[in-house]
Protein chains: 2
Amino acid sequence: MINKLCEKIRKTNAPIVVGLDPMLSYIPEHILKDAFREYGETLKGAAEAVWQYNKAIIDATWDLIPAVKPQIAMYEQFGVEGLQAFNKTVDYCHEKDLVVIGDIKRGDIGSTSAAYAAGHLGKVQVGSKTYRAFDEDFATVNPYLGTDGIKPFVDVCKEEKKGIFILVKTSNPSSGEFQDRLIDGKPLYEHVAEKVAAWGEEHMGDAYSYVGAVVGATYPEVGKALRKIMPKSFILVPGYGAQGGKGADLVHYFNEDGLGAIVNSSRGIIAAYKQEKYARFGAEHFADASRQAVLDMIEDISQALEQR
Amino acid sequence: MINKLCEKIRKTNAPIVVGLDPMLSYIPEHILKDAFREYGETLKGAAEAVWQYNKAIIDATWDLIPAVKPQIAMYEQFGVEGLQAFNKTVDYCHEKDLVVIGDIKRGDIGSTSAAYAAGHLGKVQVGSKTYRAFDEDFATVNPYLGTDGIKPFVDVCKEEKKGIFILVKTSNPSSGEFQDRLIDGKPLYEHVAEKVAAWGEEHMGDAYSYVGAVVGATYPEVGKALRKIMPKSFILVPGYGAQGGKGADLVHYFNEDGLGAIVNSSRGIIAAYKQEKYARFGAEHFADASRQAVLDMIEDISQALEQR
């Protein structure tokens, strides 16, 4: 799957991922209205609106991009109905041959971590049968519990040729409270990055490891340092666009081969029609606005990479 | 809800929580058979078996205990069907007036953390209506992302009079990889504990804060130190029983008032019938074995507290 991700990035020339993090406040009135007419103002109605919104955005962007990153919290808040919309979204993205990064940020230990890994990346056994519950291609994982929390994911990833992105340095303002604290003269996030590199050696694709890292776009200098510590790990980069990151800030997250990083934008793409820049599309044509925002993001990052 | 937890602990004289972490391998043959007969060897069949197993254990133990802690991974691995069993379990525990600690270990930032908080502890807005998706009383939360990840949970907890337990020092062997590293001469987990104490001041119950901590039973000396750093925080203690912790190790997790800690046992209670000690009950009477294991655990901890 990491090889597929590399191949798709090369083919689209777009090292980007569209974050499918639908908030009801992003969804245009006409979609909400249709969904509520059919199912009422219920959790099922909300889930239907989320699904129709996602589908339109996927239809308008899938040929331009290698991957999507649905943020499961945005579905989970609507309970099992919401998670059904999550599943529909994942399945539809697979139909469009997109790589699906489940932004689930799970993290536990032993058999519990194994259950998350089985549920999101692998198979569960029920009597003599096996099933895939959520079936993403990659998942994000929290490192706070150490190797015991990561190993069960890596084991499932090996079987399934799937991967994980481990939180190293997150994009939020308070990420430094613990992640930046110095341990033996180096910030905690560098210690985590060293572990990511070590865990990653256990499960390599052709050029990159199946074990990647999350490093926020909002700390470019950190990205530069971490790129060197984890040369074989793909870096998933949140924080572009709405959170403040720009293409020019991100060149050092990439290796010389133009690979090694994949930049996420969520709100900046899926709610593009709400920005002044794309207001001309109007709410009716929100998906066209998303397509234009994807094109602009690809241009921004390509230019930055060419000029480095 | 923290006041209710204190009151129920006093009434039952049992500072314990039963971890409802059902693995299919724990579930007696007769329950699996019935569930598979009704729904086949499907995710729905697995979910039904999990629910029937939980229900029997709750029926056999609810009058002895203040709280339960379902581990959501064990349900999530069976997809939306599994999460329906999670919901049924939470609702049934509420019918029995048990405090429900959702062991979800979520952790994200801003609107994403807010979505998890709304989905598990609060309400989501759909048009003019509001709904509760999962509706636990407490949730476990990962601190790696700092205040941005915690604050949205605390905000919802204030509205709902609910609480969280933040991972401070986990019970697993590799928990020290990051958590024990020294920062300014103190381990990371102490820095996290100081934050827990500070966050906790923002949302106090009568004697204890709604913001608690998770500290593993497997590191008694650490528990002693952390008790002092977070005097007003309840400590949720995993790792008793199957993971090696004993009552005598845990006395320093408690305050002088006999409160301040709640000790979890999962496998040791719910799969008690598989232990030699309780084999006499047999698989048919697994729930009676669980009841006896609860009584023995209460006795072990009470004795330890009396002898301190």
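The values are calculated or read from the model by the stated rules, or taken from the named source; none is laboratory data. Treat the numbers as computed from the prediction; the structure is a model and nothing was measured. When we count neighbours, we look across all protein chains shown, and the Cβ atoms used for this are built from the backbone with ideal geometry, even at glycine. The protein model used for the area step is the full one, side chains on, heavy atoms only, and it has no ligands, DNA or RNA in it. Shrake-Rupley method; radii C 1.70, N 1.55, O 1.52, S 1.80 Å.
Charge dipole (Cα centre; +1 on Lys/Arg Cβ, -1 on Asp/Glu Cβ; no other charges) of the protein assembly as shown amounts to roughly 280 debye. Taken one residue at a time, the phi angles of segment B:60-74 give Karplus couplings (6.51, -1.76, 1.60, θ = phi - 60°) of 8, 10, 4, 6, 9, 10, x, 7, 10, 9, x, 8, 5, 4, 5 Hz. Gly and Pro are set to x.
From the alpha carbon centroid of segment B:73-126 to that of segment B:32-53 is 21 Å. Here the relative contact order of segment A:1-118, from alpha carbon pairs under 8 Å that lie six or more residues apart, stands at 29 percent.
Here's how it looks for residue B:165: its modeled amide H is under 5 Å from those of B:139, B:140, B:141, B:212, which are all 5 or more places away or on a different chain. As a length-normalised measure over Cα pairs under 8 Å and 6 or more apart, the relative contact order of chain A settles at 18 percent. Between copies, the label points of residue A:186, set 7 Å from Cα on the Cα→Cβ line, lie 2.5 nm apart, reported in increasing order to one decimal in nanometres. Counting heavy atoms of the protein chains alone, residue A:51 has an accessible area of about 30 Å² for a 1.4 Å probe. The mean count of C-beta atoms from other chains within 10 Å of the C-beta of residues in B:145-157, rounded to a whole number, is 3. In segment A:2-307, the DSSP beta bridges split such that about 20 percent are antiparallel, to the nearest 5. Bridges between two residues of the protein assembly as shown, per DSSP, are antiparallel at a rate of about 20%. With a threshold of 25 Å on the Cα-Cα distance, the over-threshold entries among B:88/B:162; A:55/B:151; B:105/B:158; B:4/B:69; B:88/B:195; A:158/B:274 are A:55/B:151; B:88/B:195; A:158/B:274.
Summed over both chains, the accessible area lost when A and B associate is about 5700 Å², using a 1.4 Å probe.
Protein-only accessible surface at a 1.4 angstrom probe places the residues A:204, B:230 in the order A:204, B:230, largest first.
Of the residues B:54, B:229, B:2, the one whose Cα sits farthest toward the positive end of the charge dipole of chain B, with +1 on the Cβ of Lys and Arg and -1 on the Cβ of Asp and Glu, is B:229. Considering only A:100, A:112, B:253, the residue lying farthest towards the positive end of the dipole of the protein assembly as shown is B:253, judged by Cα position with unit charges set on Cβ. Taking the Cα centre of segment B:178-308 as reference, the dipole from Cβ charges on Lys and Arg (+1) and Asp and Glu (-1) amounts to some 320 debye.
Before rounding to the nearest 500, sum -39500 (n - 2.57) across all DSSP H runs of length at least 4 in chain B and divide by the residue total; then give [θ] at 222 nm in deg cm²/dmol.
About -14000 deg cm²/dmol.
For chain A, a/c is not less than 1.5, where a ≥ b ≥ c are the root eigenvalues of the C-alpha gyration tensor, and a/b does not top b/c. That puts it in the oblate class. Taken one residue at a time, the phi angles of segment B:85-98 give Karplus couplings (6.51, -1.76, 1.60, θ = phi - 60°) of 5, 4, 4, 4, 5, 4, 4, 5, 5, 5, 4, 8, 6, 7 Hz. Gly and Pro are set to x.
Taking all protein chains as shown and a probe of 1.4 angstrom, residue A:23 keeps an accessible surface of around 50 Å². Across the identical copies, the 7 Å label point of residue A:95, projected outward along Cα→Cβ, sits 3.9 nm from its counterparts, in ascending order. Shown for residue B:224: label points 7 Å from Cα along the beta-carbon vector, and their distances to the equivalent points in the other copies, 4.8 nm in ascending order.
Taking every C-alpha pair closer than 8 Å and separated by at least 6 residues, the mean separation divided by the residue count of segment A:233-308 gives a relative contact order of 35 percent.
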